[in-house]
Amino acid sequence: MERKSRIERKSRIERKTRETNITLSINLDGTGEANIKTGIGFFDHMLEGFAKHGFFDLEITVEGDLHVDGHHTVEDTGIVLGQAIRQALGEKTGIKRFGNFLLPMDETLVLCAVDLSGRPYLVCDLGSLAPMAGELDTELIQEFFYALSYSAGMNLHLKKIHGSNTHHIIEAAFKAFAKALDEASSFDSRIKDVLSTKGMIE
């Protein structure tokens, strides 16, 4: 998979509301280094896995209203990560645009497919999950990916093929997403402009 770029595909975003204060930076052509502090341990672990397996350098610091619950922290992190990905991709010249990955994790098998089309859409079918994974409300997994897909402008599909362990299912989803995004954002020397008959991806 060709990863070389003539420009630095990096971005940094700061977003502050009454509910969260987020600083996030990403390098799409990194080595998988991560420094994540959201205040939710399991969520940190998932984002670290996303960075590691996608070869993205990722730094996230979140101060959220966790005294209420984790909803704003997780959803707003998805919004900002999506914005950062979109900004780092730029005009998407030369990228493959599409990516998919089928990721096994013990008894679990999760499929992820991505289209960096500029048109947001999420299909998330991870089946029944236990209510909590560590300190993370598992209902927020779909909220995270919804927020990310819409702010990034990507078509994102996640589907559990097999699986019974909640930790495995969620972790496989994050890692499959990382691998699919890595493929979609990688370069192909045959693509001279953008991979669209319209001449633009938006």
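The values are calculated or read from the model by the stated rules, or taken from the named source; none is laboratory data. Keep in mind the model is a prediction, meaning the values are calculated, not measured. For neighbour counting, all protein chains shown are included, and Cβ atoms are generated from backbone atoms with ideal geometry for every residue, glycine included. To get the accessible areas, we keep the full protein, side chains included, count just its heavy atoms, and leave off ligands, DNA and RNA. Shrake-Rupley method; radii C 1.70, N 1.55, O 1.52, S 1.80 Å.
Worth a mention:
- Checking the range 74-90 against the condition returns a match, with at least one residue being out of contact with any Cys (no Cβ under 7 Å at 6 or more places or on another chain), touching a residue at least 40 places away in the same chain (Cβ under 8 Å) and at positive phi.
- Selected residue (criterion: farthest from H167 (Cα to Cα)) from residues of the range 59-75 that are surrounded by fewer than 23 Cβ atoms within 10 Å (Cβ to Cβ) and under 15 Å from the mean Cα position of the chain (by Cα): E59
- A count restricted to the range 162-192 and to residues that are in contact with a Phe, Trp or Tyr (Cβ under 6 Å, 6 or more places away or on another chain) and part of a loop (DSSP other than H, G, I, E, B) stands at 0.
- Restricting the range 96-116 to residues that are more than 16 Å from the chain's Cα centre (by Cα) and acidic (D, E), the residue that is farthest from G163 (Cα to Cα): D106
- Scanning the range 9-33 for residues that are part of a strand (DSSP E or B), loosely packed, with under 14 Cβ neighbours inside 10 Å and basic (K, R) returns R12, K16.
- Pairs meeting the criteria (first residue in the range 116-132 and closer than 13 Å to I169 by Cβ, second residue outside any strand (DSSP E or B) and open to solvent by 100 Å² or more (accessible area, probe 1.4 Å), beta carbons under 9 Å, at least 6 apart or on different chains) are C124/Y146; L129/E139.
- Any hit, the range 38-49, residues being over 22 Å from E139 (Cα atoms) and of a type outside the set (F, W, Y): no
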